[in-house]
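J.: One structure follows; several queries about it will come next.
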Amino acid sequence: MSALFASIDLGGTNIHAAVATAAGEIIADLKEPTHSHEGPEGVIARMKQLLVKLGATTNRRPQGMGVGAPGLVDFASGTTRFFPNFPTQWRDVPLGARLAEFIGAPVWVLNDARTAALGELVYGHGKAAKTFLFYTLGTGVGGAVVIEGRIRLGEFSAAGEIGHVTIDPHGLPCGCGSRGCLETLASGPAITGEAVRLVLAGNAPMLRELSGGDLNLVSPQLVAEAVQRGEAASTTLLGRVGEALGIGAASLVSALHPPLVVLAGGIAQLGDAIIEPMRRSMVARVGMFPADAVRIVRSELGDRAGLMGGIALAVRGGNPEKNLSL
Ligand SMILES: [Zn+2]
């Protein structure tokens, strides 16, 4: 009987938990709403309930568990430092220790974007490319830098924040304290905000029609639909998002020359409407060597990258920098 490993992907909307084999075969998985307004105690209690239910299904204790968390975490101790989008922001919650005590096995907690990148490395595109940039494009823009099979974590486990490179020095203030970061231009809310502005200004009639005139229905997905129907303003909008992504990636490609750039998260689902302008923008800005061969692709694991990253973390014994052949 092969060993089992557990994983929790803690998101702003849902907690997704799974038990899988080292090869990444999911034995059982469950999802519950996070209800983050209840604070750490309520959320941790719900995580435990999910683990109890999974345990009842598999009837076996996992050998370890990896947790992807939406913010900064001290990886060595498993203590949360700052969840920007959660009430109370989870400062200094010993999440790893609490869950380890509960399941009677070691638990490792890592930022969700880095966890998803680890999933991609072990079970997705990383099977073919060991060096890549990884972007999670959603409510925020998270990321990771993977170099020769290792995720660069740095002293505060915070390396890889490639959504917070400056694109426009005079741009909008960013949640990180800087301004004009990639996140202010390429996140879901950034796209929606600009799309609403276009509708209100009367410059996006197709988008207005698709939304039925209800601004609450304007979304990045609706912008992509307007692009498919040939609307100029929506095409320009997503073109600028792609351009911003390309500017950010060009600096990193110049520095690291990865063969691959992986896009994950809801905005990555917009596909070529952002990937093509991103590619053009990136290639045009890498002047010291030809960058045409650097591929920009969507995550192979999609919305399971984080969950699989938690499994990979547990399989690797909590060392995301360790090479492991599966
Ligand atoms: Zn920022």
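The values are calculated or read from the model by the stated rules, or taken from the named source; none is laboratory data. Worth saying up front: this structure is predicted, and the values here are computed from it rather than measured. Because the Cβ atoms are built from the backbone with ideal geometry, glycine has one as well, and the counts that use them run over all protein chains shown.
J.: Could you check residue 101 against (1) part of a helix (DSSP H, G or I); (2) within 27 Å of residue 300 (Cβ to Cβ) and say which number it fails?
T.: (2)
J.: Could you please let me know if residue 113 is among the aliphatic types (A, V, I, L, M) and within 16 Å of the ligand (Cβ to nearest atom)?
T.: Details: among the aliphatic types (A, V, I, L, M): yes; within 16 Å of the ligand (Cβ to nearest atom): yes.
So residue 113 fits the description; yes.
J.: Sticking with this structure for a sec: State the number of residues belonging to segment 133-150 that are under 19 Å from residue 248 (Cα atoms) and touching a Lys or Arg at 6+ places or on another chain (Cβ under 9 Å).
T.: To start, the set of residues in segment 133-150 that are under 19 Å from residue 248 (Cα atoms) comprises 133-147.
So of that shortlist, the ones also touching a Lys or Arg at 6+ places or on another chain (Cβ under 9 Å) come out as 134, 142-147.
Final tally of qualifying residues: 7.
J.: I need the full set of residues from segment 258-281 which are touching a residue at least 60 places away in the same chain (Cβ under 8 Å) and not aliphatic (A, V, I, L, M), in order please.
T.: 258, 259, 265, 266
J.: Residues in segment 189-212: is at least one in contact (Cβ under 8 Å) with a residue 60 or more places away in the chain and either in contact with a helix residue (DSSP H, G or I) (Cβ under 7 Å, 6 or more places away or on another chain) or under 16 Å from residue 272 (Cα atoms) (or both)? Working first, answer last.
T.: Within segment 189-212, the subset in contact (Cβ under 8 Å) with a residue 60 or more places away in the chain is 191.
Next, from what is left, pick out any that are either in contact with a helix residue (DSSP H, G or I) (Cβ under 7 Å, 6 or more places away or on another chain) or under 16 Å from residue 272 (Cα atoms) (or both): 191.
Yes.
J.: State whether one or more residues within segment 66-73 are farther than 14 Å from residue 10 by Cα and either at pLDDT 95 or above or assigned to a strand (DSSP E or B) (or both).
T.: No - not one qualifying residue is present in segment 66-73.
J.: For segment 279-315, which positions are assigned to a helix (DSSP H, G or I), of a type in the set (A, V, I, L, M, F, W, C) and in contact with a strand residue (DSSP E or B) (Cβ under 6 Å, 6 or more places away or on another chain)?
T.: First pass over segment 279-315, keeping only residues assigned to a helix (DSSP H, G or I): 279-285, 302-315.
Filter once more, so that each one left must be of a type in the set (A, V, I, L, M, F, W, C): 282-284, 305, 307-308, 311-315.
Answer for segment 279-315, where residues must be assigned to a helix (DSSP H, G or I), of a type in the set (A, V, I, L, M, F, W, C) and in contact with a strand residue (DSSP E or B) (Cβ under 6 Å, 6 or more places away or on another chain): 305, 307, 311, 313, 314, 315.
J.: Which condition number does residue 188 fail, the rest of (1) within 16 Å of the ligand (Cβ to nearest atom); (2) more than 19 Å from the chain's Cα centre (by Cα); (3) crowded, with 18+ Cβ neighbours inside 10 Å being met?
T.: Against the list (1) within 16 Å of the ligand (Cβ to nearest atom); (2) more than 19 Å from the chain's Cα centre (by Cα); (3) crowded, with 18+ Cβ neighbours inside 10 Å, residue 188 comes up short only on (2).
J.: Does segment 194-211 hold any residues that are part of a loop (DSSP other than H, G, I, E, B) and more than 31 Å from the chain's Cα centre (by Cα), and which are they?
T.: First pass over segment 194-211, keeping only residues part of a loop (DSSP other than H, G, I, E, B): 201-204, 211.
Result: 201, 202, 203.
J.: Say whether the condition of being under 19 Å from the mean Cα position of the chain (by Cα) and not in a strand (DSSP E or B) is met by at least one residue in segment 33-41. Steps first, answer last, please.
T.: Filtering segment 33-41 for residues under 19 Å from the mean Cα position of the chain (by Cα) gives 33-34, 36.
Adding the requirement that they be not in a strand (DSSP E or B) leaves 34, 36.
Yes, segment 33-41 contains a residue that is under 19 Å from the mean Cα position of the chain (by Cα) and not in a strand (DSSP E or B).
J.: I need the full set of residues from segment 156-183 which are under 16 Å from the mean Cα position of the chain (by Cα), assigned to a loop (DSSP other than H, G, I, E, B), within 11 Å of the ligand (Cβ to nearest atom) and not aliphatic (A, V, I, L, M), in order please.
T.: 161
J.: Tell me which residues, restricted to segment 139-161, are crowded, with 21+ Cβ neighbours inside 10 Å and either closer than 12 Å to residue 244 by Cα or in contact with a Ser or Thr (Cβ under 7 Å, 6 or more places away or on another chain) (or both).
T.: Keep residues of segment 139-161 that are crowded, with 21+ Cβ neighbours inside 10 Å, which gives 140-146, 151, 160-161.
Of everything in segment 139-161, those that are crowded, with 21+ Cβ neighbours inside 10 Å and either closer than 12 Å to residue 244 by Cα or in contact with a Ser or Thr (Cβ under 7 Å, 6 or more places away or on another chain) (or both) turn out to be 140, 141, 142, 143, 146.
J.: Could you check segment 253-268 and list, in sequence order, the residues that are crowded, with 18+ Cβ neighbours inside 10 Å and part of a helix (DSSP H, G or I)? Before the answer, list the steps.
T.: Of all residues in segment 253-268, those crowded, with 18+ Cβ neighbours inside 10 Å come to 253, 258, 260-265, 267-268.
Hits for segment 253-268 are 253, 267, 268.
J.: Right, something else. Is it the case that some residue within segment 139-155 is part of a strand (DSSP E or B), over 21 Å from residue 256 (Cα atoms) and within 16 Å of the ligand (Cβ to nearest atom)? Let's see the steps before the verdict.
T.: First, the residues of segment 139-155 that are part of a strand (DSSP E or B): 141-147, 150-151.
Cutting the leftovers down to over 21 Å from residue 256 (Cα atoms) gives us none.
The answer is no; no qualifying residue exists.
J.: Of the conditions (1) touching a Pro at 6+ places or on another chain (Cβ under 8 Å); (2) closer than 30 Å to residue 62 by Cβ, residue 270 clears all except one; give me its number.
T.: So the condition that residue 270 fails would be (2).
J.: A further question follows. Report whether or not residue 19 is of a type outside the set (D, E, K, R), at pLDDT 95 or above, in a helix (DSSP H, G or I) and within 21 Å of residue 96 (Cβ to Cβ).
T.: Details: of a type outside the set (D, E, K, R): yes; at pLDDT 95 or above: yes; in a helix (DSSP H, G or I): no; within 21 Å of residue 96 (Cβ to Cβ): yes.
Taking the combined requirement at face value, the residue does not satisfy it.
J.: Of the numbered conditions (1) in a helix (DSSP H, G or I); (2) modelled with pLDDT of 95 or more; (3) more than 21 Å from residue 50 (Cβ to Cβ), residue 89 fails exactly one; give the number of that condition.
T.: Of everything listed in (1) in a helix (DSSP H, G or I); (2) modelled with pLDDT of 95 or more; (3) more than 21 Å from residue 50 (Cβ to Cβ), residue 89 misses just condition (2).
J.: May I ask you to list the residues in segment 300-315 that are closer than 14 Å to residue 111 by Cα and in contact with a Lys or Arg (Cβ under 9 Å, 6 or more places away or on another chain)?
T.: The answer is 309, and nothing else.
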